[in-house]
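To start, the structure under review is shown below, and the notes come after it.
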Amino acid sequence: MDSPRAARIAITLFFFISGFGYSSWASRIPDIQRKLELNEAQLGFVLFALPLGLILTLPVTGMLLRKFSSRNIMMLGAMIFNLMLCLLGFVTKSWQLVIVLFCFGSSRNLMNISMNAQSVGVQALFPRSIITTFHGVWSLAGFAGALLGLLMVYMQFPTYWHLLFAGTSMIILGLFFFPTTLHQPPSTGGGGKRLILPDKHLLKFGFISFAVMACEGTMYDWSGIYFQKAVHAISTVGYVAFMIAMAGGRFSGDILVNRLGIPVIIKFSGLLILCGMLLAAAMPFPIPAGIGFMMIGLGTSCVVPLVFSMAGRSKNMSSGSAIAAVSTVGYLGFLIVPPVVGFLAEAAGLRWAFATVACLGLVISWLIRHVKEEA
């Protein structure tokens, strides 16, 4: 029988691997943009490759989860993900970046969906909510990756050495903790469909995931550029502020959920995103924009893990299939919105682009009113 404590530690470390790797890439986006001489619209088009890889591999991930244990898919995804992270530092052409980002997104999908299925399985071994803590570690890792990126930028350390170090160290960490991950049988839900789509009940979770993932994707891809070009400050500072707040929100999320319930937390999360985006757009100065980014971090911190937790208790699908179904809709937010931000920024400016994305916070608060939490 799996040790609950050992499995919890192992899955926690895989969340760390995911967060640290993604944040390492995000912290160097402005440098790669300058290196390849891309404007905002061109960067938005290139960044489209990453969520496209996420979306197109959703059927593959669902199929693999019905044939193999989620722990094996998670490890495979982690290996490819960090290999692609290493390669990102060596691209010299836009088309190379598109290819590597596509593979980066595809492997991230393999790792993250199976990782979330593992977290739902580990949650079932504990009587009280612990699931937002996993995502809190993701954000803490993101903060660590952003902080390292800030140091690397300040020291003018080459991007390729930075990402090579980050990817290699995360591969070693994954191999070390893989043996104690949870032994889950393959998913049995979802039938023989290659693309797992949400049913009527799960579709509402999917729309909430779409809105919050769109806001997260915007912050991951554009927060550094916003601080550099709209706020005229060190690019990585805004991203660090966002990640600090997200980590704090996720570590306190379980306490708040146990007291207030999931719907209340998600409702106020949407309002925080709305107000934070508008504040940053209206006052593009270091302190108010930093506060706005922290509000966005708090708002986005708990929505995805809580939605996945609710969806994972579906009576019609296994946890892995339900999460994959919700992710099918949710990842469209990653796919569509960040590139659109680039086109809006080129046409009307980054401030108007961020103000437009703010509306999604209101959508989150409205949608949760129509969702009933299952026991």
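The values are calculated or read from the model by the stated rules, or taken from the named source; none is laboratory data. Predicted model only: the values in this text are computed from it and were never measured. Heads up, the Cβs are rebuilt from the backbone with ideal geometry, glycines too, and the neighbour counts pull from every protein chain shown. Areas reflect the complete protein model, heavy atoms only, side chains present, ligands, DNA and RNA absent. Shrake-Rupley method; radii C 1.70, N 1.55, O 1.52, S 1.80 Å.
Across segment 102-115, rounded Karplus estimates of 3J(HN,Hα) from the backbone phi angles (6.51 cos²θ - 1.76 cosθ + 1.60, θ = phi - 60°) give 4, 5, 4, x, 4, 5, 5, 5, 4, 6, 6, 5, 5, 5 Hz, Gly and Pro being marked x. Please express the Cα-Cα pair-distance distribution P(r) of the chain as a list of whole percents, one per 20 Å bin, running from 0 to the bin with the greatest distance. Cα pair-distance distribution for the chain, in percent: 32, 61, 7.
Only helical DSSP H runs with n ≥ 4 go in: add -39500 (n - 2.57) per run for the chain, normalise by residue count and round the 222 nm mean residue ellipticity to 500 deg cm²/dmol.
Values: 17 runs with 297 residues, N = 375.
After summing the helix terms and dividing by the residues of the chain, the value is -26500 deg cm²/dmol.
Magnitude of the charge dipole for segment 5-124, about its Cα centre and with charges confined to Cβ atoms of Lys, Arg (+1) and Asp, Glu (-1), is about 420 debye. 7 Å from Cα along Cα→Cβ at both residue 35 and residue 95: what's the point-to-point distance in nm? Those two pseudo-labels are separated by 1.9 nm. Per-residue 3J(HN,Hα) values for segment 39-52, derived from phi via the Karplus relation 6.51 cos²θ - 1.76 cosθ + 1.60 with θ = phi - 60°, read 7, 4, 5, 5, 5, x, 5, 5, 5, 4, 5, 5, x, 4 Hz in sequence order (x marks Gly and Pro).
By how many nm would the segment from residue 369 to residue 285 grow when fully extended, if each residue of separation counts as 0.36 nm and the alpha-carbon distance is taken off? Walk me through the numbers before you get to the answer.
On the way: separation 84, 0.36 × 84 = 30.24 nm, distance 3.44 nm.
The span from residue 369 to residue 285 would gain 26.8 nm if fully extended.
So for 259, 250, what's the accessible-area order with a 1.4 Å probe, most first?
Working: 259 190, 250 5 Å².
So, going from the largest accessible area down, we get 259, 250.
Once the convex hull of the C-alpha atoms of segment 219-375 is built, how many Å³ does it hold per residue, rounded to a whole number?
Numbers: hull volume 16.3 nm³, N = 157.
Spread over its residues, the Cα hull of segment 219-375 gives 104 Å³ apiece.
Give the accessible surface of segment 225-348 per residue, rounded to a whole number of Å², with probe radius 1.4 Å and ligands, DNA and RNA excluded. Could you put the intermediate results ahead of the total?
Working: 4250 Å² over 124 residues.
Solvent-accessible surface per residue comes out at 34 Å².
Highest mean first, the peptides 158-170, 15-27 sorted by other C-beta atoms within 10 Å per residue fall in the order 15-27, 158-170. Working from label points 7 Å from Cα in the Cα-to-Cβ sense, the residue 9 to residue 56 distance is 4.0 nm. Estimated at 0.36 nm per residue, the fully extended path between residue 67 and residue 157 surpasses their Cα-Cα distance by 28.1 nm. Measuring between their Cα centroids, segment 203-225 and segment 135-189 lie 21 Å from each other.
Cβ-Cβ distance of residue 124 and residue 169, R₀ of 35 Å, FRET efficiency by 1/(1 + (r/R0)^6): the value works out to about 0.65.
Which FRET efficiency, nearest 0.05, do residue 252 and residue 362 yield, Cβ-Cβ r, R0 30 Å? Before the final figure, lay out the partial values.
On the way: r = 23 Å, r/R0 = 0.78.
So the FRET efficiency works out to roughly 0.80.
Give me the one-decimal nm value for the distance between modelled label points at residue 232 and residue 259, 7 Å along each residue's Cα-to-Cβ direction. The two pseudo-label positions are separated by 4.2 nm. Per-residue SASA remark: residue 35, around 110 Å² accessible (1.4 Å probe; ligands, DNA and RNA not included). Projecting the Cα atoms of 9, 311, 106 onto the charge dipole of the chain (Cβ charges, centred on the Cα centre) puts 311 farthest toward the positive pole. Note on residue 42 and residue 183: the extension gain reaches 46.4 nm, defined as 0.36 nm multiplied by sequence separation minus the Cα-Cα distance.
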